[in-house]
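No value in this document is a laboratory result; all are computed from the given coordinates. Predicted model, so just to flag it, every value in this text is computed and none were measured. With ideal geometry, Cβ positions are generated from the backbone for all residues, glycine too; neighbour counts draw on all protein chains shown.
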Amino acid sequence: MAFLEVKNLWKRYGNSVVLENVNARVERGEFITIVGTSGCGKTTFLRMLLGVEQASSGKLLMEGEAIATEPGADRGIVFQRYSVFPHLTVLKNVLLAREFEQARWLGKLFGAVKKRAVEQSMAMLQLVGLEHAAGRYPHQLSGGMQQRLAIAQALMKQPKILLLDEPFGALDPGIRSDMHELILDIWRKTNINIFMITHDLREGFYLGTRLWVFDKVRNDPQQPDAYGSSITYDISVGQVDKSLYKKIDNDLSTTRKTQELQELGNE
Ligand SMILES: Nc1ncnc2c1ncn2[C@@H]1O[C@H](COP(=O)(O)OP(=O)(O)OP(=O)(O)O)[C@@H](O)[C@H]1O
Ligand SMILES: [Mg+2]
């Protein structure tokens, strides 16, 4: 059984088709990067994996079962800009992820349970390279450090899937490459399934094991919302020649230009 199965998945908002006939199989431990033009449905797809958005039709199965219709401990998500709790230190922000889970059974954490939770939180901060900043508040952190904190929080519940929605988009290039190494390191150590949206095709080719391109197969200039995106490329990355990279880059620019022309036409 595949870890994740997507079968003839469609998503519509009213009359507008966002995703159409998406099909895929993902094995345990795969790291998938997702690219596509703005508005093509990447975040919508991630939100369906998270369980906060429902498919209009089709199936989305994790380990053979329909994805729960609410965010669960088995899925963690990090957005481009993360709002951590500003009044809590780095350590308390991470600890909170554990407290939310355990407090349902135990009330506030105390004694040995609390001590263990603090130890686990510190270990997580070490994994993301933030142990030295445990006592700082979010406003005392750089953008890269805030994303490290967001990743630590998402990982605290030991999810099976980590969803990353352009997590490094707002960071400077140097910091981004540090974050690339971090995420590859976490992936190797935890064998977690990662789905990561990026607007940087090169990032998509560098990170992960597989690249998905979300794009429209059909396009009606008169009715831009009539057709949705599906996965137009599903390829292994890391060993791909440059000409394919150029072809995908070219396809995406064509879609982008068509969209711009449509928008101009609508004004
Ligand atoms: N709750 C909603 N109600 C109605 N339309 C929505 C809703 N959420 C998203 N959409 C529409 O669905 C389409 C896909 O949105 P989505 O956010 O998935 O795009 P995206 O690929 O993540 O784009 P970007 O790269 O800009 O983040 C857009 O046209 C958007 O306006
Ligand atoms: Mg998005």
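Tabulated data
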{"read-out": "In order through the range 255-267: 3J(HN,Hα) via Karplus (6.51 cos²θ - 1.76 cosθ + 1.60), integer Hz, x for Gly, Pro", "value": "4, 4, 5, 4, 4, 4, 5, 4, 4, 4, x, 7, 6"}
{"read-out": "Long-range amide H partners of PHE31 with built H, under 5 Å", "value": "ILE194, THR209, ARG210"}
{"read-out": "Diffusion coefficient, µm² s⁻¹, Stokes-Einstein with Kirkwood Rh over alpha-carbon pairs of the chain at 37 °C and 0.692 mPa s", "value": "166 µm²/s"}
{"read-out": "Shape call, the range 1-149: gyration tensor on alpha carbons, a/c limit 1.5", "value": "prolate"}
{"read-out": "Rough spin-label spacing in nm, given labels placed 7 Å along Cα→Cβ, for GLU63 and LYS246", "value": "4.6 nm"}
{"read-out": "Rg and Dmax [Cα atoms of the range 118-189; Å; Rg one decimal, Dmax integer]", "value": "11.8, 33"}
{"read-out": "Other-chain or far-sequence residues with amide H under 5 Å of SER229's (modelled H)", "value": "LEU19, GLU20"}
{"read-out": "Hz values of 3J(HN,Hα) by residue in the range 19-32 - Karplus curve (6.51, -1.76, 1.60), Gly and Pro given as x", "value": "10, 9, 6, 8, 10, 6, 10, 10, 8, 4, x, 6, 10, 10"}
{"read-out": "Among VAL84, VAL17, VAL217, residue whose mean-square fluctuation peaks in a GNM of the chain (springs only between Cα atoms under 10 Å)", "value": "VAL217"}
{"read-out": "In the range 110-203, lysine pairs closer than 19 Å at Cα, eight or more apart or cross-chain", "value": "4"}
{"read-out": "Relative contact order (percent, whole number), the chain, Cα cutoff 8 Å, 6+ residue spacing", "value": "27 percent"}
{"read-out": "For the range 47-98 and the range 125-158, distance of Cα centres in Å", "value": "18 Å"}
{"read-out": "Cα gyration tensor category, rounded, prolate or oblate, for the range 145-267 with a/c compared to 1.5", "value": "prolate"}
